[in-house]
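The values are calculated or read from the model by the stated rules, or taken from the named source; none is laboratory data. Just so we're clear, the structure is a prediction, and the values are computed from it rather than from any experiment. Glycine also receives a Cβ, built like all others from the backbone with ideal geometry; neighbour counts cover every protein chain displayed.
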Amino acid sequence: MSNLEKLENIIGYKFKNISLLHQALTHSSCSGKVSENYERLEFLGDRVLGVAVAEMLYKAFPNEPEGGLSQRHTSLVCKEMVSEVVRRHGIDKYVLVASEDIRENDNVLCDVGEAIIGAVYIDGGAQAAIDYVRRFWHELIHKNITPPKDSKTLLQEVAHSRGIETPSYEVVSREGSEHEPVFHVKVNFAGQPSVSGCGRNKKLAEQDAASQMLRQLGIKHEE
C-alpha cells in the first residue's frame, strides 16, 4: 500500500484523481510551480472550511446569537486548531517538504489541512468536502458548551475594568501575494508598550495582536 493510499484511509476519502492529494501535500519548497504545490488548493479549502464549520455551528446551536457563533467559528478555523487536527490524525507525516523543520511549522500544517479540504472539494464536490470537515470537526464543535471569548473582546473587557480607554489597532504592514497576504497589526493599550500580531486578514491579525497583549499583561486566555 502506498503512502497516499494509507493517507486516504486516515482521512476517510478515496480520491478519483490521486494527484490532487499529492498536490495538497506538496510544500513550495519541493515545487515552486503553482500547479504542483498546495497553495491554490489551500486558498479554496480555507473558504470551504469556513462555510462548513459555519453551517455546523448554525445547526448545533440553534438558540445562540451571532456573536457567540462568530467566536466559536474563529476558534475552530484558526491556524492552531487546523494544525492540531492535522497532527492529531498523523497527517503531518505525509507532508512533502525540502527539510524536516518545515514540517513542524503550524502555518504549513494549517495550509496542508485546508489544501486537503480543497482537494476533496475539487475531486468529489461540495458535499464530499463538507462531509470531510464534519468527520474531523464534529467533536471539536461539541467540546465546549459555552462559546470561547475571543482575544479582542477579553482585552477590551480588561481595559474597561481598569477604567482606561479601549485598545486601538493599527495596520503596520502587509506582505505576501494577493491570494495569500499577511497583515501585521499593532495594538495600543494604555500604560503598556505596543505589541504586534499577524494574520491572513486584518481581523485575524488584530486577534493575534490582542492575544500577544494579554500575554504581556500576564492574563491567561484559552481560545
(1) surrounded by fewer than 12 Cβ atoms within 10 Å (Cβ to Cβ); (2) within 17 Å of Glu206 (Cα to Cα); (3) not basic (Lys, Arg): which one isn't true of Glu100, the others all being true?
(2)
How many residues are at pLDDT 95 or above and over 11 Å from the mean Cα position of the chain (by Cα) if we restrict to segment 96-132?
18
Can you report the number of residues in segment 83-97 which are at negative phi and either part of a loop (DSSP other than H, G, I, E, B) or surrounded by fewer than 16 Cβ atoms within 10 Å (Cβ to Cβ) (or both)?
6
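Evaluate segment 171-189: report whether one residue or more is more than 28 Å from Leu44 (Cα to Cα), touching a His at 6+ places or on another chain (Cβ under 9 Å) and among the polar types (S, T, N, Q).
Checking segment 171-189: not a single residue is more than 28 Å from Leu44 (Cα to Cα), touching a His at 6+ places or on another chain (Cβ under 9 Å) and among the polar types (S, T, N, Q).
What residue, among those in segment 65-79 that are over 13 Å from the mean Cα position of the chain (by Cα) and surrounded by 16 or more Cβ atoms within 10 Å (Cβ to Cβ), is nearest to Asp208 (Cα to Cα)?
Gln71
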Test set (1) in contact (Cβ under 8 Å) with a residue 60 or more places away in the chain; (2) closer than 23 Å to Ser29 by Cα - Ala60 fails condition number:
(2)
What pairs come up if the first residue lies in segment 102-125 and is over 21 Å from Pro181 (Cα atoms) and touching a residue at least 40 places away in the same chain (Cβ under 8 Å), the second is of a type in the set (Val, Ile, Thr) and surrounded by fewer than 22 Cβ atoms within 10 Å (Cβ to Cβ), and their beta carbons are under 6 Å apart, counting only those six or more places apart or on different chains?
Tyr121/Val48
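So which of Lys202, Lys186 ends up being under 23 Å from Gly67 (Cβ atoms), surrounded by 14 or more Cβ atoms within 10 Å (Cβ to Cβ) and out of contact with any Cys (no Cβ under 8 Å at 6 or more places or on another chain)?
Just a single option satisfies the conditions, and that option is Lys202.
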Considering segment 133-155, residues that are crowded, with 17+ Cβ neighbours inside 10 Å and not aliphatic (A, V, I, L, M), and then whichever is farthest from Gln216 (Cα to Cα), we arrive at Phe136
Going by the conditions given, is Leu4 modelled with pLDDT of 95 or more and hydrophobic (A, V, I, L, M, F, W, C)?
no
Can you work out which of the residues in segment 139-162 that are more than 27 Å from Ser196 (Cβ to Cβ) and of a type in the set (D, E, K, R) is modelled with the lowest pLDDT?
Lys143
Among Ile130, Ile117, the single one that is closer than 19 Å to His22 by Cα and surrounded by 18 or more Cβ atoms within 10 Å (Cβ to Cβ) is Ile117
Ile122 being among the aliphatic types (A, V, I, L, M), in the same structural domain as Ala60 (by TED's automatic domain parsing) and either over 21 Å from Val51 (Cα atoms) or touching a Phe, Trp or Tyr at 6+ places or on another chain (Cβ under 7 Å) (or both):
no
